[in-house]
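What follows is a set of notes on a single structure, which appears directly below.
What follows is calculated from the coordinates using simple rules that are stated; it is not laboratory data. Bear in mind the structure is a predicted one, so any value in this text is a computation, not a measurement. Because the Cβ atoms are built from the backbone with ideal geometry, glycine has one as well, and the counts that use them run over all protein chains shown.
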Amino acid sequence: MKTSVLVLAALAVVAQAQFPNGRILEPPVPSLCVQRNIHERYADNKGYFFSWRDPALRGVEEDWLSARNYCRQRCMDLVSLETSDENEWVKARIVQDKIKYIWTSGRLCDFKGCNRPDLLPNEINGWFWTAELQKLAPTTNRQQNDWSEGGGIGKPQPDNRELIQGGASEHCVAILNNFYNDGVHWHDVACHHRKPFVCEENDALLKYVRYTNPNLRV
Ligand SMILES: [Ca+2]
């Protein structure tokens, strides 16, 4: 999988994206950033938090936005899987800890600003890592992503299954651990579902809190 390094400045609008019921994307909380709990560090020295390893969150599952906000308040964000190495590293921990599924920061661009030509058609070219504002490879490029080849209706992901079956759109990206007997791979899932999650330290949020709180050791 080649890293898609296209930074989507225009996608910064996601920070102001409208969430249902007036919910918002939370800013970092300096005191929580200081106390953030790092379970493991990856090769790039970034810290990772696995929700099920935290005694207070064992058995707790959150919807996609709540999971993001838990991470963001701690100067992290949901995990972004820009390289196959990082993807395999995270997947190995899900398998080792016998976790059924997790949220990632992946999401479909489906709001104002997503009609930019390079994001069309959205269902192929509109997927991105919200935490880093980086595009995923087109869904049709099966060598450069990790979408499952199976799922609930036997179709390759993303399949928007829940919408097809009369439910919500599947606009958020989860890793499912052999849930459909299809290995450990990415699935598009409706964002209201609750799942354990993985946080990854976020450089932009850390920089912001360090800049605005020069006396704090973050
Ligand atoms: Ca799906």
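A few remarks follow.
- The equivalent ellipsoid that matches the C-alpha gyration tensor of the stretch 30-212 spans semi-axes of 26, 19, 15 angstrom, in descending order.
- The number of Lys pairs in the chain with C-alpha atoms less than 18 Å apart, excluding pairs fewer than 8 positions apart on the same chain, is 9.
- With contributions of -39500 (n - 2.57) from each DSSP H run of at least four residues, the per-residue ellipticity at 222 nm computed over the chain stands at -5500 deg cm²/dmol.
- Relative contact order, whole percent, for the stretch 30-212 stands at 29, derived from Cα pairs under 8 Å and 6 or more residues apart.
- Taking the fewest neighbouring Cβ atoms within 10 Å as the starting point, the ordered list for 25, 81, 206 is 25, 206, 81.
- Likely footprinting exposure, 132, 170, 40, fewest C-beta neighbours within 10 Å first: 40, 132, 170
- In this structure the amide hydrogen of residue 62, modeled in the peptide plane, comes within under 5 Å of the amide hydrogens of 195, none closer than 5 places in sequence on its chain.
- Among 83, 104, 139, 212, sorting on how many other beta-carbon atoms sit within 10 Å of each Cβ, with the fewest leading, yields 212, 83, 139, 104.
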